[in-house]
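The values are calculated or read from the model by the stated rules, or taken from the named source; none is laboratory data. None of these values were measured; they are calculated from a predicted model. Cβ sites come from the backbone with ideal geometry, for glycine too, and all protein chains shown count toward neighbours. To get the accessible areas, we keep the full protein, side chains included, count just its heavy atoms, and leave off ligands, DNA and RNA. Shrake-Rupley method; radii C 1.70, N 1.55, O 1.52, S 1.80 Å.
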Amino acid sequence: MTVGGSTADEGARLRALARKGWWRTVLRWCGVNANNRRLEAAAVRQEQGSLGEQQTAALLARLPAGWTVFHDLAVPGRRFNLDHVLIPPSGAGVIVLDSKKWRRTWPTTLVRGRVQCGPQDRHQQIVNFAGYVSGTAAALGVPAGMLMPVIVVHGSPVAGGRLDVPVPEWERTVHVLAADRLVDVLAGMPGGRGPVQPAAAALAARVRQTLPRYGSAA
């Protein structure tokens, strides 16, 4: 499966549902089938998400030697997937990275503690992601503090290049980064450069054993 494959597949499924049957096509042409319009909109979001994941993967290929990078992983017993999971050379922790592709003409900002993209409140996505990361820590059997949640935003300019967003519900801070800041921030973090340590190899093995590729047999 290619990077972003599960997201692209879901987009194709939604688009097929929206277009299924000649009568749905006729109703869509007439503009009277609201359900189809919602399905089409959901398909577009999934397709944009897949493109964002592919763009992130291209950026991650520029990380210094020693990083271990996984794409499109599942968490057993959970319905969500993880776009990217990263382990730095030091093995000091795990970065769970989510890709977003938001409207480029709308800035991403923090307003009274909530993430917004232009006029749209996107904060629930941040909260949901923090919960996914907590669930991932539990699945891996490691302390929650070992996992760092990072969201990379393509398209929309992120105010200041970076937003550090507290999520009290999950006792976490989610780091929202502009795409052009991603590699520098990761490489510049403590343990982001240098030889691969045994702890990194052990964490990578735990990820491989615990988190299968999304859509594959567990």
- Task: Against the globular-protein guess of 2.2 N^0.38 Å, express the Cα radius of gyration of the range 109-218 as a ratio, rounded to two decimals.
- Result: 1.19
- Message: Using only the heavy atoms of the protein chains and a 1.4 Å probe, how would ASP180, ASP164, ASP72 rank by accessible area, largest first?
- Response: ASP180, ASP164, ASP72
- Query: Would you list LEU147, LEU59 from the most to the least accessible area, probe 1.4 Å?
  - Reply: LEU59, LEU147
- Which net charge results when you count Lys and Arg as +1 and Asp and Glu as -1 among the other residues whose beta-carbon is under 10 Å from that of ASP83? -2
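In a shell of Cβ-Cβ distance under 14 Å around VAL150, excluding VAL150 itself, what net charge do Lys and Arg (+1) and Asp and Glu (-1) give?
On the way: positive: LYS100, ARG162, ARG172, ARG181; negative: GLU53, ASP83, ASP98, ASP164, ASP184.
Cβ neighbours under 14 Å give a net charge of -1.
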- Lys and Arg at +1, Asp and Glu at -1: add these up for the other residues within a Cβ distance under 13 Å of ASP184 and post the number. +3
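For the range 87-138, state which trypsin sites (Lys or Arg not before Pro) are in a DSSP loop and have at most 16 other beta carbons lying within 10 Å of their beta carbon.
Those satisfying the criteria are ARG103, ARG104, ARG112.
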- Message: Please compute the per residue accessible area over the range 119-218 with all protein chains in place, 1.4 Å probe, rounded to a whole number of Å².
- Response: 48
- Message: For a protection proxy built on the mean count of beta-carbon atoms within 10 angstrom, sort 127-137, 187-197, 168-178 highest first, please.
- Response: 127-137, 168-178, 187-197
- Query: At a 1.4 Å probe radius, carbon and sulfur cover how many percent of the accessible area of the range 62-190?
  - Reply: 51
- Query: Which of rounded, prolate, oblate describes the range 43-192, given a ≥ b ≥ c as roots of the alpha-carbon gyration tensor eigenvalues and a/c under 1.5 marking rounded, otherwise prolate only if a/b is larger than b/c?
  - Reply: rounded
